[in-house]
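The values are calculated or read from the model by the stated rules, or taken from the named source; none is laboratory data. Just so we're clear, the structure is a prediction, and the values are computed from it rather than from any experiment. As a convention, Cβ positions derive from the backbone with ideal geometry for all residues, glycine included, and neighbour counts pool all protein chains shown.
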Amino acid sequence: MVLGTHPAEPYLRRIWVAPRPTIVPQRFGPVKLLSRLYLRPFLALTQAARFPIMPGMFPDEIQQALETLQSGLRDAVGRHLQTLTREHETALAQAKEEAAAEALVDLASQLDAVRAECAQQLDTELAAARTDAERRLASETTRVRVEAENAAAERAESERETLEQALAAERQRAEERVREIQERLTRELEAERARAESAEAARVALAEPRPERESTRAIETGPLLAAVQAIGGERTLTGIFERLLEYAAASACRAVILMVSGDRLQGWRAAGFDRLDASSIDLSLNDAGVLGDAVRTATVRATSEAVPPPAMLALMPGRTGFAAPLLVGGHVVALLYADEQGASEPTSSAAWTEAIEIIARHASSALALVTATRTLQASGGPAAGSAEADDQSARRYARLLVSEIKLYNESAVRVGREKRDLLARLAPEIDRARRLYEERVPPAIGARGLYFQQELVQTLADGDPALLGQT
């Protein structure tokens with residue numbers, strides 16, 4: 001402070017303390033403004049803090065007055081500083097909030113911009129990656145397809161060659177078998193013809209037939225030769241069985257043909273019986289008497305007291321029954337039974353049983369010939385080799401196998417259709433036929449299973465799949 005006389009009161013000798021001016025550097029413009037605002041109250045305070053220095057005042061008094069003034073100034077400055085501090089803190093907090101809000105807005109804008117940029121970049125990279133992946137996938141798919149097609153073509157060619165070799169070998173075996181059967185049939189036919197001619201010559205040579213000739217019922221070569229020729233001319237299994245049954249019933253009195261199905265005998269057709277439904281016959285081999293013996297031994301058997309026929313084929317005393325098995329490929333597939341139950345009087349069985357045995361053997365050969373021929377035809381014949389020919393061959397062979405099931409199990413097929421359980425009722429026969437079919441038809445024919453199933457439906461179930469039932 002500067003001590004002096006106040007110019008407004010020249011006549012009073014007082015000491016006036018003039019405030020020291022606030023010097024603010026020019027480079028702190030905002031600070032200078034704040035200092036003017038903040039120091040203005042101090043100026044007013046210092047202007048009000050005037051006190052006269054009276055004459056005769058002692059230095060102690062002056063010192064005390066100065067201390068009082070200093071204390072008042074200090075208190076006033078403290079209060080004002082507190083006020084300024086609060087205002088400054090409030091302004092500072094508000095400024096911080098505004099700055100934080102502006103920063104958040106700017107940050108959000110920047111984040112949105114970065115997010116949009118990242119999303120655009122990600123979409124671009126994903127599109128490029130997807131395009132590249134699709135291109136590589138297409139290239140890899142094409143490569144794999146080409147390799148698979150090449151491998152399939154090579155495998156198909158190899159399997160076709162194998163199939164052609166197997167078909168050629170099978171065709172050769174079938175042709176040899178057919179030739180053997182034809183040669184044997186020719187020899188048998190010639191032998192039968194020679195016997196027939198000898199018998200006819202002997203009959204003509206005898207001027208007066210012996211009375212007992214009619215009773216012994218010797219073989220009549222004319223009907224036998226006609227039956228042999230009729231059976232040899234048939235091209236179906238059913239036709240062979242029908243001709244065989246006609247001749248057996250004419251040679252004896254009664255005749256019935258039974259089909260072998262596993263360990264059972266099932267009736268097919270009968271002739272000469274008054275009240276017998278052949279389809280109702282279903283016998284176990286163990287309960288079939290002479291019929292079971294003929295099937296098990298694969299040889300002809302005549303009835304006797306020890307080995308009688310089944311009850312439904314019972315004979316009067318002194319009458320003879322005769323069972324002749326029918327073989328195909330060494331297996332008994334059917335049985336012919338004939339007896340003289342309807343004859344007016346008992347006769348010697350040697351003649352007619354011999355004729356029955358001859359015609360049964362000839363029928364077996366004819367059955368084998370027809371089966372071998374149809375097998376050869378089903379194998380595709382000389383035109384086999386193309387895919388269409390292979391398919392047709394598979395269809396024919398499936399039809400052959402299923403037709404044989406139907407033929408040899410006629411009564412079971414009829415009952416199975418009624419009960420709607422053909423698959424369960426004929427399971428052994430169907431499984432055997434399916435096994436033979438799969439052994440002969442190669443897997444290269446993709447629809448081979450479909451062909452066999454179609455034949456089961458068309459031939460066995462008469463076109464109604466529901467009749468097959470469930471296995």
- Kindly establish whether A433 is more than 16 Å from E404 (Cβ to Cβ), out of contact with any Pro (no Cβ under 8 Å at 6 or more places or on another chain) and in contact (Cβ under 8 Å) with a residue 12 or more places away in the chain. no
- Item | Those residues of segment 231-247 which are among the small types (G, A, S) and either buried (at least 18 other Cβ atoms within 10 Å of the Cβ) or at pLDDT below 85 (or both), in sequence order | G232, G233
- Please work out if E175 is in contact with a strand residue (DSSP E or B) (Cβ under 8 Å, 6 or more places away or on another chain), surrounded by 10 or more Cβ atoms within 10 Å (Cβ to Cβ) and either of a type in the set (K, R) or in contact (Cβ under 8 Å) with a residue 40 or more places away in the chain (or both). no
- Does V370 qualify as being at pLDDT 85 or above, surrounded by 17 or more Cβ atoms within 10 Å (Cβ to Cβ) and either in a helix (DSSP H, G or I) or in contact with a strand residue (DSSP E or B) (Cβ under 7 Å, 6 or more places away or on another chain) (or both)? no
- Message: Anything in segment 265-294 that is in contact (Cβ under 8 Å) with a residue 60 or more places away in the chain and either assigned to a loop (DSSP other than H, G, I, E, B) or aromatic (F, W, Y) (or both)? List them, or say none.
- Response: W268, G272, I281
